[in-house]
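In what follows, a single structure is set out as structure tokens and then discussed.
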Amino acid sequence: MTNLRLCLIFALVPAAAAAAAADPILSNLPGNVRTSVTTSLGLGVDGNHRSKAVGLTMGAQSLDFVSMVVHLGNGDDFANSVFGGIYGDDGGNPGALLAAFDSASVSAGAVAEQFTLTISDGFTLQAGVSYWFLLDGPDVLNNLYWPDLIPATPPTAFGDVTYDGYRFSADNMNNWVNSSIFNTVQINAVPAPAGAAVFALAAFAAARRRR
């Protein structure tokens, strides 16, 4: 009977993890979005290619990335694609690309519309590891932008996740500087299946001790 219960617990863990509602692990939303203070993305009229990233360091538990919610605008009369993904950490700045966001397009003339960026193949944020969530624009002249909030609001990290600030590059990601423009962001995640299994085992052991 005990073995049967244990098998049932493990059978239910993946389904429970998949069904669990995603929770924010880093967010400054909701808020009042403003378009007077923004970060341009991609190639600007001055010939500089701009990229922006927000960073965090995971706590003691691995989590499965679900989505990154942002607001994006487009000052052009044609649609622009937004690129980006989850990057590793290289000395406190974005390093190598680990997982790219699914393709997204910002419609012509869009004014700070909300977008939910996802990774269809999935990605696990490993415990204790630092990550950068980066946005970039086309390598052709464009007016794509990522706005902030009024009042300026840095993101809050939840649980034992640590907020690591924003980094900005104006030379196609060759060099990075700190940025005090707190662009809109919410990063959502759920417990990784392995973590859910550990918690299920702990719950099972506790139940047995109580009997």
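Considering only residues that are in contact with a strand residue (DSSP E or B) (Cβ under 7 Å, 6 or more places away or on another chain) and among the aliphatic types (A, V, I, L, M), which ones fall in the stretch 105-128? Of everything in the stretch 105-128, those that are in contact with a strand residue (DSSP E or B) (Cβ under 7 Å, 6 or more places away or on another chain) and among the aliphatic types (A, V, I, L, M) turn out to be Val106, Ala108, Ala110, Val111, Ala112, Leu117, Ile119, Leu125. Residue check: Gly73 meets all listed conditions (1) over 22 Å from Tyr131 (Cα atoms); (2) among the small types (Gly, Ala, Ser); (3) free of Cβ contacts under 8 Å to residues at least 40 places away in the same chain but one, namely (3).
Every residue, every condition in (1) farther than 22 Å from Leu26 by Cα; (2) without any contact (Cβ under 8 Å) to a residue 60 or more places away in the chain; (3) touching a helix residue (DSSP H, G or I) at 6+ places or on another chain (Cβ under 7 Å), yes or no:
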{"position": "Leu63", "(1), (2), (3)": "no, no, no"}
{"position": "Thr116", "(1), (2), (3)": "no, yes, no"}
{"position": "Pro138", "(1), (2), (3)": "yes, no, no"}
{"position": "Leu141", "(1), (2), (3)": "yes, no, no"}
{"position": "Tyr145", "(1), (2), (3)": "no, no, no"}
{"position": "Ile150", "(1), (2), (3)": "no, no, no"}
{"position": "Pro154", "(1), (2), (3)": "no, no, no"}
{"position": "Tyr163", "(1), (2), (3)": "no, no, no"}
{"position": "Tyr166", "(1), (2), (3)": "no, no, no"}
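Selection within the stretch 46-61: residues that are assigned to a loop (DSSP other than H, G, I, E, B) and in contact (Cβ under 8 Å) with a residue 24 or more places away in the chain. The member of this set that is nearest to Ile187 (Cα to Cα) is Met58. Across the stretch 83-125, the qualifying residues are those that are polar (S, T, N, Q) and over 22 Å from Ser40 (Cα atoms), and the one among them that is surrounded by the most Cβ atoms within 10 Å (Cβ to Cβ) is Thr124.
Residues in the stretch 54-107 that are of a type in the set (S, T, N, Q) and over 13 Å from the mean Cα position of the chain (by Cα): Gln61, Ser62, Asn74, Asn80, Ser81, Asn93, Ser103, Ser105, Ser107. Criterion first (among the small types (Gly, Ala, Ser) and more than 17 Å from the chain's Cα centre (by Cα)) does Ser51 satisfy it? No; evaluated as a whole, the condition is false for this residue. Answer yes or no as to whether Gly55 is at pLDDT below 95 and buried (at least 16 other Cβ atoms within 10 Å of the Cβ). Here the answer is no, as Gly55 does not meet what is asked. Working only within the stretch 1-29, note down all residues that are at pLDDT 95 or above and touching a Ser or Thr at 6+ places or on another chain (Cβ under 9 Å). Those that are at pLDDT 95 or above and touching a Ser or Thr at 6+ places or on another chain (Cβ under 9 Å): Pro24, Leu26, Ser27, Asn28, Leu29.
Listed by position, the strands (runs of 3 or more DSSP E) enclosed by the stretch 87-200 include none that has at least 3 residues that are modelled with pLDDT under 95.
The values are calculated or read from the model by the stated rules, or taken from the named source; none is laboratory data. All values derive from a computational prediction rather than experimental measurement. Positions of Cβ are backbone-derived with ideal geometry, glycine not excepted, and every protein chain shown enters the neighbour counts.
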